[in-house]
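The values are calculated or read from the model by the stated rules, or taken from the named source; none is laboratory data. Bear in mind the structure is a predicted one, so any value in this text is a computation, not a measurement. Here the Cβ positions follow ideal geometry from the backbone for every residue, glycine too, while neighbour counts run over all protein chains shown.
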Amino acid sequence: MLFLAVNPPDEHISVEKLAERQEVSTTYLSKILTKLVKSGMIESVSGANGGYKLKSGWEELSLLDVIKAIEGLTPIFDYFFKEVPFLR
């Protein structure tokens with residue numbers, strides 16, 4: 001998300017470039033990016049000049065939003081965030 005945030009808003013970054021930059025496999029990163037696309041945080045474009053970029057409004061996202069999109073809320077997170085009001 002941070003790498004996408006520092007790139008020009010009209011530029012799509014390929015999964016290969018993102019994976020190389022983060023030193024992870026493209027397969028692993030593709031699974032994460034798919035979850036972020038489904039959550040509406042990023043968009044994907046197919047084709048030779050395709051890739052990923054942040055959707056508008058990304059400035060309002062929190063780290064918790066990103067964690068929820070990727071991991072979901074496990075019971076321990078669910079309890080913690082219900083019981084700690086300032087984290088809601």
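Odds and ends about this structure:
- Every condition in (1) exposed (fewer than 13 other Cβ atoms within 10 Å of the Cβ); (2) within 15 Å of the chain's Cα centre (by Cα); (3) modelled with pLDDT of 90 or more is met by Leu63 except one, and the failing one is (3).
- Scan of the range 1-31 for residues that are modelled with pLDDT of 90 or more and small (Gly, Ala, Ser), ordered by number: Ser14, Ala19, Ser25, Ser30
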